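One structure is given here, and the rest of the page talks about it.
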Amino acid sequence: MSDALSAATNADYVPQQVAVVQHCAGTDVEKNLTTLETLSRQAASEGAGVICWAEAFAYLGRHAGKQEILEPLPAGGPILRRCQNLARTLGCELLLGGFHEAMPDDSGRCYNTSVYLDAAGEIQAMYRKIHLFDVNITDGPSLQESKQTAPGETAVTTQTPFGILGLTVCYDVRFPALYQRLVQLGAVALAVPSAFTATTGAMHWHALLRARAIECQSYVIAPAQHGQHSKHRASYGHSLIIDPWGKVLAELPDGDGYVIATVDGAQAAQVRAEIPSLSNQRPFA
């Protein structure tokens, strides 16, 4: 068990209402952001203090259109400023699940970056997606994310009211070593904002997310895209919040909307004390 994990006490955790927001993004940035703002205001009015958006929240379409809206981080541009203003207006912390970040070499490629804003709208953490979605599924999607997107290299956590949150994005969920590393860094919750394809989602979404929650004894917070984005691209939906036992606390199967659940790092600590599988791990040849 990491020093960060073992040193945490219940006094370090404040239960927090967390919302996962679900929508169906297309190529109209204004429409996408307006939908998210409306849903986030509603979630905040119901008590959500942390609001989480899905991967590719501002734009989901061809790379040529994406190139037109890329913004450098942390400086940002109109999309980031609009998100920062929303966080300040609502007084909520905001996870921008997948931000289209310009690369410094101005190559037209980008990073797929999860950005965590505090309630003052300030950037607290940025995680660049490490594992890129390069697949060719028979009778399913054929996608090569690495063709236009560069991978990140670093595991990232951030402090939240409910404890330390580990940041990941979508396809990362298939690589459990990343989540184990985030727990070593003290995470009691793991964010998995996604635009999970309808084909793979129907088979793997719930199983993978519950597995990460159970083996990491952590909350999993997974806002998702849903619906038909274009002729050849559809997302599975089923935004979820899962507790450290692997129990689904909240789920939105389909449609635009949000669900809210309480996230409390003290519960993760209790589960880890009762079944100390994280500290019982042993080296092996």
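Just so it is clear, none of the values below were taken in a lab; they were calculated from the coordinates. Remember, predicted model here, so these are calculated numbers, not experimental data. Using ideal geometry, Cβ is built from the backbone for each residue, glycine included, and neighbour counts are taken over all protein chains shown.
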Next on the checklist: Checking the a/c ratio against 1.5 first, then a/b against b/c, what shape does the Cα gyration tensor give for segment 87-211?
Outcome noted: oblate
Checklist entry - Hey, can you rank 83-91, 55-63, 263-271 by average C-beta count inside 10 Å, highest first? => result 263-271, 55-63, 83-91
Checklist entry - From the square roots a ≥ b ≥ c of the eigenvalues of the alpha-carbon gyration tensor of segment 3-274, which class results: rounded (a/c under 1.5), prolate (a/b over b/c), or oblate? => result rounded
Item to check | Paramagnetic reach from Trp245 in segment 173-193 [backbone N under 19 Å; point 7 Å along Cα→Cβ] | outcome: 188-190
Checklist outcome for this item: In whole angstrom, the spacing between the Cα centers of segment 197-225 and segment 85-111 equals 23 Å
Checklist outcome for this item: A chain fully extended from Met103 to Glu46 at 0.36 nm per residue, minus the present Cα-Cα distance, gains in nm 16.8 nm
Checklist entry - Taking Lys66 as the anchor, which lysines have their alpha carbon closer than 24 Å to its alpha carbon, excluding any fewer than eight residues away along the same chain? => result Lys31, Lys129, Lys147, Lys231
Item to check | Cβ charges +1 (Lys, Arg) and -1 (Asp, Glu), total dipole of segment 3-274, debye | outcome: 360 debye
Checklist outcome for this item: Residues whose modelled amide H sits under 5 Å from the amide H of Leu249, counting only those 5 or more places away in sequence or on another chain, are Ile241, Ile242, Asp243
Checklist entry - Taking the Cβ-Cβ separation of Gln281 and Asp254 as r and a Förster radius of 45 Å, what is the calculated FRET efficiency to the nearest 0.05? => result 0.75
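Which percentage, to the nearest 5, of the DSSP beta bridges contained in the chain is antiparallel?
So the antiparallel bridges in the chain amount to around 70 percent.
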Item to check | Cα gyration tensor shape of segment 1-118, rounded if a/c is under 1.5, else prolate or oblate by comparing a/b with b/c | outcome: oblate
Checklist outcome for this item: Burial-style ranking of 106-116, 246-256, average other-beta-carbon count within 10 Å with highest first, yields 106-116, 246-256
Checklist entry - Tell me, what is the percent relative contact order of the chain, built from C-alpha pairs under 8 Å that lie six or more residues apart? => result 22 percent
Checklist outcome for this item: The ³J(HN,Hα) series, computed from each phi in segment 115-130 with the Karplus coefficients 6.51, -1.76 and 1.60 at θ = phi - 60°, rounded to the nearest Hz and given as x for glycine or proline, is 10, 10, 9, 7, 6, 8, x, 8, 6, 9, 7, 9, 10, 8, 3, 7
